[in-house]
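Structure record follows, encoded as structure tokens.
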Amino acid sequence: MKQHHFLPVFLALIAFYIGQHFYAARWLSKSFTLSPAAASRLRLALLAAAFLSPFTMYLKRQFHNPVLEALYAAGYAWMGVILIAAFIFLASDLAGFLLRRAGQRAFPPQLPPLTLAALAVILALALYGGLRTPDINEIPVAVKDLPAPLEGFRIAQISDMHVDSGWKLRQFNGIVERVNAARPDIVLITGDLVDPGLTCREDLGEAALRLKSRLGTYGALGNHEYYYGLDKAMDCYRDFGIKLLKNEALDLKDIKLIGLGDIHTENISAGEVTALLEKNRDGKFTVIMTHQPLYYKEIAETGDYLALSGHTHRGQIFPFSVFTRLAYKYFYGLYRIKGSAFYVTSGAGTWGPPLRWLAPAEIPVITLRRKTN
């Protein structure tokens, strides 16, 4: 099996995360002319805040308690707040530099308060983007030689909900209502439905069981199901009425479904994926559920498919989306490779910070159409 090494990336992300706090402290100290003692205290306060997020992550996984959900939310939100703040402060510094190059001798005194005002507005928009129920995104996909019974076939995709709290559960209930109103023929969940922090309690199962479609609800594993505990997560899917496909295929009336395990977590190689596809190749129109958008070219070499993925969150919070785009060639949207179509959704929920900025959540509903030329 192919091995994936993430330690250098992980260490780089940690350094980047801590560095944002020192940069924010420097910007605030310089912009508001803090005394050396006040600047030192600010650095220490922000350094302490840097450890709030990992502490609350640990606390949530080990000692989850609904009473502490406000603390968990604050700890997770801080990761997004400092990312956006550091970016806005950098933009302010760049604006000041350009003004000086244009002949402005002194640093404009109104720039720091305007920067903080812009930050407040952006954070409010990001919080709204993370908490709102996402809209349906109607996506027509033309397919060559589509069987006549599949003309107009509608697939609702739910991905990356990360239900780990009471407010996420409320958001999921809203998503269920919107999916049902879209009247899909089938509902496909492409991973990361559950996350550590919330047991698969009865009301979550009741919400999932309310999903309605002609052919039912099916799912594939995301990486967070493994973090939650694979056996527990698979039990949750079963209790939710979701038919889970883990490196296996299922024949329905007019289509074949193939669900992959999480490629990175299981260290699944491209050869193993294509062998599974070849084994189940029988001429029937096939839809693949694969949480991470990987091995698309290899998949397209074996036949014509529709493959649905998530995982990237479209970056979730700008400018983190820049790094996500560098990590994943197939980042967001509809891709065509040979006779296959691949759709990568931005996801219906959030992970970590309950924020989304310049990367809105969505519920894709894909409608199959016969390609005419």
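The values are calculated or read from the model by the stated rules, or taken from the named source; none is laboratory data. For clarity, every value in this text was computed on a predicted model and none was experimentally measured. Neighbour counts run over all protein chains shown; Cβ positions are idealised from the backbone, glycine included.
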**Item:** Residue ID - surrounded by the most Cβ atoms within 10 Å (Cβ to Cβ), chosen from residues in segment 19-52 that are hydroxyl-bearing (Ser, Thr, Tyr) and without any contact (Cβ under 8 Å) to a residue 60 or more places away in the chain
**Value:** SER29
**Request:** Would you mind stating whether ASP185 is in the same structural domain as ASN223 (by TED's automatic domain parsing) and at pLDDT below 95?
**Result:** no
**Prompt:** Which residue out of ARG314, ARG369, ARG281, ARG325 is among the charged types (D, E, K, R), closer than 21 Å to ALA182 by Cβ and not in a strand (DSSP E or B)?
**Reply:** ARG314
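For segment 333-353, which residues satisfy the criterion of being part of a loop (DSSP other than H, G, I, E, B) and buried (at least 23 other Cβ atoms within 10 Å of the Cβ)? Give the derivation first.
To start, the set of residues in segment 333-353 that are part of a loop (DSSP other than H, G, I, E, B) comprises 338-339, 345-353.
Of everything in segment 333-353, those that are part of a loop (DSSP other than H, G, I, E, B) and buried (at least 23 other Cβ atoms within 10 Å of the Cβ) turn out to be THR345, SER346, GLY347, ALA348, GLY349, THR350, PRO353.
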**Fill in**
In the set LYS168, LYS253, LYS246, the lone residue that is part of a helix (DSSP H, G or I) and either charged (D, E, K, R) or buried (at least 17 other Cβ atoms within 10 Å of the Cβ) (or both) is LYS168
**Fill in**
Residues of segment 286-305 being crowded, with 19+ Cβ neighbours inside 10 Å and outside any helix (DSSP H, G or I), in sequence order, are THR286, VAL287, ILE288, MET289, THR290, HIS291, GLN292, PRO293, LEU294, TYR295, TYR305
**Request:** Would you be able to say whether some residue in segment 154-168 is in the same structural domain as TYR332 (by TED's automatic domain parsing), on the phi < 0 side of the Ramachandran plot, modelled with pLDDT of 95 or more and of a type in the set (Lys, Arg)?
**Result:** yes
**Request:** Report yes if some residue within segment 194-202 is out of contact with any helix residue (DSSP H, G or I) (no Cβ under 6 Å at 6 or more places or on another chain), small (Gly, Ala, Ser) and under 23 Å from LYS60 (Cβ atoms); otherwise report no.
**Result:** no
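Do you know which of the residues in segment 171-208 that are in a strand (DSSP E or B) and hydrophobic (A, V, I, L, M, F, W, C) is surrounded by the fewest Cβ atoms within 10 Å (Cβ to Cβ)?
Pass one, segment 171-208, residues in a strand (DSSP E or B): 186-190, 194.
Now narrow it down to the ones that are hydrophobic (A, V, I, L, M, F, W, C): 186-189, 194.
Values: ILE186: 19, VAL187: 26, LEU188: 26, ILE189: 31, VAL194: 27.
Going through the qualifying residues, I end up with ILE186.
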**Fill in**
Counting only helices (runs of 4 or more DSSP H) wholly inside segment 1-106, the ones holding at least 1 residues that are among the aromatic types (Phe, Trp, Tyr) and assigned by TED's automatic domain parsing to the domain that holds LEU123 are 7-31, 52-62, 69-101
**Prompt:** Looking at segment 306-322, which of its residues are in contact with a strand residue (DSSP E or B) (Cβ under 6 Å, 6 or more places away or on another chain) and surrounded by fewer than 23 Cβ atoms within 10 Å (Cβ to Cβ)?
**Reply:** LEU306, PHE318
**Message:** Can you tell me how many residues within segment 108-162 are within 21 Å of SER31 (Cβ to Cβ) and either among the hydroxyl-bearing types (Ser, Thr, Tyr) or in a strand (DSSP E or B) (or both)?
**Reply:** 1
**Message:** Here's a check for you: in segment 209-243, which residue that is assigned to a loop (DSSP other than H, G, I, E, B) and of a type in the set (A, V, I, L, M, F, W, C) is surrounded by the most Cβ atoms within 10 Å (Cβ to Cβ)?
**Reply:** LEU221
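Could you please let me know if ARG178 is more than 27 Å from ILE263 (Cα to Cα), in contact with a strand residue (DSSP E or B) (Cβ under 8 Å, 6 or more places away or on another chain), outside the structural domain of ARG61 (by TED's automatic domain parsing) and at pLDDT 90 or above? Walk me through how you get there before you give the answer.
On the way: more than 27 Å from ILE263 (Cα to Cα): yes; in contact with a strand residue (DSSP E or B) (Cβ under 8 Å, 6 or more places away or on another chain): yes; outside the structural domain of ARG61 (by TED's automatic domain parsing): yes; at pLDDT 90 or above: yes.
Taking the combined requirement at face value, the residue satisfies it.
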**Request:** For segment 271-282, indicate whether the set of residues that are in contact (Cβ under 8 Å) with a residue 12 or more places away in the chain, touching a strand residue (DSSP E or B) at 6+ places or on another chain (Cβ under 6 Å) and under 27 Å from GLU362 (Cα atoms) is non-empty.
**Result:** no
